[in-house]
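To start, the structure under review is shown below, and the notes come after it.
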Amino acid sequence: MTALSFLQQPDALERFVLVFLPIFVAVDIIGVLPTYYALTAPLAAEEKPRIARQSVVTAFSVTVAFILLGKATFSILGVRVEDFMIAGGVLLLVFAISDLLRDGTRSSAPKAAQTLAVVPLGTPIIAGPATLTTSLMLTGTFGFGLVCVSLALNLLLAWVVVRYADRVIGILGVNGATAIGKVFYLLLAAIAVSMIRRGLAGFLTPL
């Protein structure tokens, strides 16, 4: 399906929002900002733009690879979309609850500047389990193309935030960024419950 034909569909905007928002919540770039800021604070100012760019590129590459491998694997195993919606919803709910109940930011050991952008920043901080699971689940429902576009836009927004992390932290403060991240994970928990409900409905409808 081309971009033009998609835009001509009457429910195009609704479908885009239904894909964009769950990925936005799962990425939770404001919530991961305190960890990102702490890890990159010792670096020289000229290194930070490169780290921001490589982190986002890594997150996109890892997520797309996970989607492609995941779809092929589930096709071989005969796993239905409803199966993954329920399993993915349960996992997302666990991630959301664990983050809501945890104090402080996401823990990560210090890394060398050369590998910092890939691990842990690109993955698992930006492209974490919630982002991977959400993207794969949405692909089964809305298609690979729309998920990739929504993922790219979300990561472009993430790049802007981490590129100017010093300024954003200066405005929000570390505690403010952490609090916003908790709200995002409350939304993620609600999305997870919705996934489980729709998965169960898919099983029960034929009955």
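The values are calculated or read from the model by the stated rules, or taken from the named source; none is laboratory data. Keep in mind that what you see is a predicted model, and the values were worked out from it rather than measured. So basically every Cβ, Gly included, is an ideal-geometry build from the backbone, and we count neighbours across all protein chains shown. Remember, those area values only see protein heavy atoms, side chains included, never the ligands or the DNA or RNA. Shrake-Rupley method; radii C 1.70, N 1.55, O 1.52, S 1.80 Å.
Surface composition of the chain: carbon and sulfur make up 71 percent of the accessible area, probe 1.4 Å. Report summary: the helix-based calculation at 222 nm, which adds -39500 (n - 2.57) for every DSSP H run with n ≥ 4 and divides by the residues of the chain, gives -26000 deg cm²/dmol.
Where only protein heavy atoms count, and the probe is 1.4 Å, what is the accessible area per residue for the chain in Å²?
On the way: 10530 Å² over 207 residues.
Using a 1.4 Å probe on heavy atoms only, each residue of the chain averages 51 Å².
Given +1 at the Cβ of Lys and Arg, -1 at the Cβ of Asp and Glu and no other charges, the dipole of the chain around its Cα centre is 160 debye to the nearest 20.
Say R0 is 35 Å: what FRET efficiency, to the nearest 0.05, do residue 21 and residue 41 get from their beta-carbon distance?
0.70
Place a point 7 Å from Cα of residue 157 in the direction of its Cβ. Which residues in region 29-46 have their backbone N less than 18 Å from it? Of the residues in region 29-46, 29-34 have backbone N under 18 Å from the label point off residue 157.
In this simple spin-label approximation, residue 119 and residue 171 carry label points 7 Å from Cα along the Cα→Cβ vector, and these lie 3.4 nm apart.
A viscosity of 1.002 mPa s and a temperature of 20 °C, combined with the Kirkwood radius over Cα pairs in Stokes-Einstein, give a translational diffusion coefficient for region 33-80 of 164 µm²/s. Each of (i) 0.99; (ii) 1.05; (iii) 1.12 is a candidate for Cα Rg over 2.2 N^0.38 Å; the one calculated from this structure is (ii). Taking the average, over residues, of other Cβ atoms within 10 Å as the packing measure, peptides 137-144, 159-166, 197-204 rank 137-144, 159-166, 197-204 from highest down.
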